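Step one of this worksheet: look at the structure below.
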Amino acid sequence: MAANKKLLMLPGDGIGPEVMGEVRRVIEWMDCRRHVSFDVIDDLVGGTAYDAHGTSLTDETLAKAMSVDAVLLGAVGGPKWDNVERQHRPEAGLLKLRKEMDLFANLRPATVIPALANASSLKEHIVSGLDMMFVRELTGGAYFSKPKLIEDLPGGGQRAVDTQVYSTAEIDRVCRVAFELAGKRVGKLHSVEKANVMETGVLWRAVATAVGEDYPEIELLHMYADNCAMQLVREPKQFDVIVTDNLFGDILSDCAAMLTGSLGMLPSASLGAADESGRRKALYEPVHGSAPDIAGEKKANPLAMLLSCAMMLRYSFDMAEDADLIEQAVANVLGQGLRTDDIMQDGMTAVSTDQMGEAVTDELDKLAA
Ligand code: NAD
């Protein structure tokens, strides 16, 4: 089959190349066993790009990211680059990439895999079967709105200002992504804000309601962010898709993530606006960082990276069946008791990064047989 799916791989720093190696294994498996091939371009980002080019994201790499169908990124950063000028730091390259691609919708699933239900800090019956998705607005709100400053006060001391601004258009586009996603799942969407005390919350609720009129088949529920935090730890299974702003999304999605057990298991997708053909710019990456403490030791858990690849198949390439296969293979290897260090439990079998990746492709073989 012709390789018409253009993919840019940016392994990055620390454990990034190790976990990306396991994605390559799956991509090769798909080529051989599913006859699906990708045009894969490789490039540098983060500290490794800085070492090679003096900047953590070159214009050439950015141009490639803008031209492909999807970008897969490992992780960036590490102590080696702690003293590099701020604008060239590894993290600056990733922020620039997200900004230039205008990735305004961040999708973070919180799914409890049966074999790991007892690894959550909550009781097993509360999280068992949990399968929800956060859609966080990623480019506006309190992290970006101006003014944003710290200034000296005439009488001494200082004053710090962060500003929360949202326009109708910004809320509308992220809500549409969430409604569409809810339509592909169980048809239920919670819109979360603080309309009781924030003007942006009032507008958010009004726009979410208006967008909802275009999706009459979706049940839309409104919830205050503080109540949402409480409900997430009280009865998380009441949620399916949650859409919220940048600040609330940052906090609430981390909270939901921990319901599932481990950082090494969490994938994410960041999506931009759809063009005329419906294609969205998209970046897929694990939630975890570059884990410099274990880099090079083959201890990294590659499953968040592999699940990010599954998200890419689902959302950029409309390959839900292949995405399901990878997710099922991951669940099966965990069900067989294989564990990397970060998710190790009594009585389980310790495996390295590549052994885990190999086990996933072995499982894919069985599932696809
Ligand atoms: P981290 O996520 O890298 O690591 C936190 C802890 O989790 C560490 O003990 C690490 O060993 C462990 N861990 C993380 N991912 C793992 C995996 N896949 N398998 C097994 N264990 C895993 O966060 P940190 O230590 O705060 O940051 C380290 C570096 O990563 C910093 O330079 C930071 O800026 C960067 N960072 C990058 C991203 C990104 O690229 N998106 C995100 C967060 C942090």
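The values are calculated or read from the model by the stated rules, or taken from the named source; none is laboratory data. On a predicted model such as this, the values are computed, not experimentally measured, just so you know. In this analysis, Cβ positions are derived from the backbone assuming ideal geometry, glycine residues included, and neighbour counts consider all displayed protein chains. For the accessible areas, the whole protein counts, side chains as well, though only heavy atoms, and no ligand, DNA or RNA atoms are used. Shrake-Rupley method; radii C 1.70, N 1.55, O 1.52, S 1.80 Å.
Inspect all residues belonging to region 58-74 and state whether any of them is within 13 Å of the ligand (Cβ to nearest atom), in contact with a Pro (Cβ under 7 Å, 6 or more places away or on another chain) and within 30 Å of Ile242 (Cβ to Cβ).
yes
Go through the residues of region 288-298 one by one and say whether even a single one is among the β-branched types (Val, Ile, Thr) and within 12 Å of the ligand (Cβ to nearest atom).
yes
Let me spell it out: the conditions are (1) assigned to a helix (DSSP H, G or I); (2) closer than 26 Å to Ala105 by Cα; (3) open to solvent by less than 20 Å² (accessible area, probe 1.4 Å); (4) touching a helix residue (DSSP H, G or I) at 6+ places or on another chain (Cβ under 6 Å), and Met312 meets all of them except one. Which number is the exception?
Condition not satisfied by Met312: (4).
Determine if region 212-224 includes at least one residue that is modelled with pLDDT of 95 or more, open to solvent by 20 Å² or more (accessible area, probe 1.4 Å), aromatic (Phe, Trp, Tyr) and within 26 Å of Thr260 (Cα to Cα).
Yes, region 212-224 contains a residue that is modelled with pLDDT of 95 or more, open to solvent by 20 Å² or more (accessible area, probe 1.4 Å), aromatic (Phe, Trp, Tyr) and within 26 Å of Thr260 (Cα to Cα).
Any idea which of (1) of a type in the set (Val, Ile, Thr); (2) in contact with a Phe, Trp or Tyr (Cβ under 6 Å, 6 or more places away or on another chain); (3) under 21 Å from Ile126 (Cα atoms) is the one Thr200 doesn't satisfy?
Result: Thr200 passes all but (3).
Suppose we keep only residues that are at pLDDT 95 or above and more than 7 Å from the ligand (Cβ to nearest atom) within region 275-287. Which one would you say is farthest from the chain's Cα centre (by Cα)?
Among residues in region 275-287 that are at pLDDT 95 or above and more than 7 Å from the ligand (Cβ to nearest atom), the one farthest from the chain's Cα centre (by Cα) is Lys281.
Might you check whether a residue that is hydrophobic (A, V, I, L, M, F, W, C), within 24 Å of Met66 (Cα to Cα) and open to solvent by less than 10 Å² (accessible area, probe 1.4 Å) occurs anywhere in region 337-357?
There is no residue in region 337-357 that is hydrophobic (A, V, I, L, M, F, W, C), within 24 Å of Met66 (Cα to Cα) and open to solvent by less than 10 Å² (accessible area, probe 1.4 Å).
Conditions first: (1) more than 14 Å from the chain's Cα centre (by Cα); (2) under 30 Å from Val19 (Cβ atoms); (3) open to solvent by 20 Å² or more (accessible area, probe 1.4 Å). Ser290 passes all but one, so which condition is the exception?
Single failed check for Ser290: (3).
When you look at Gln158, is it among the polar types (S, T, N, Q), without any contact (Cβ under 8 Å) to a residue 12 or more places away in the chain and either within 23 Å of Ile113 (Cβ to Cβ) or surrounded by 13 or more Cβ atoms within 10 Å (Cβ to Cβ) (or both), yes or no?
Here the answer is no, as Gln158 does not meet what is asked.
Residues Ala323, Ala304: which one is in contact (Cβ under 8 Å) with a residue 12 or more places away in the chain, part of a helix (DSSP H, G or I), out of contact with any Ser or Thr (no Cβ under 6 Å at 6 or more places or on another chain) and under 22 Å from Ser37 (Cβ atoms)?
Exactly one residue qualifies, and that residue is Ala323.
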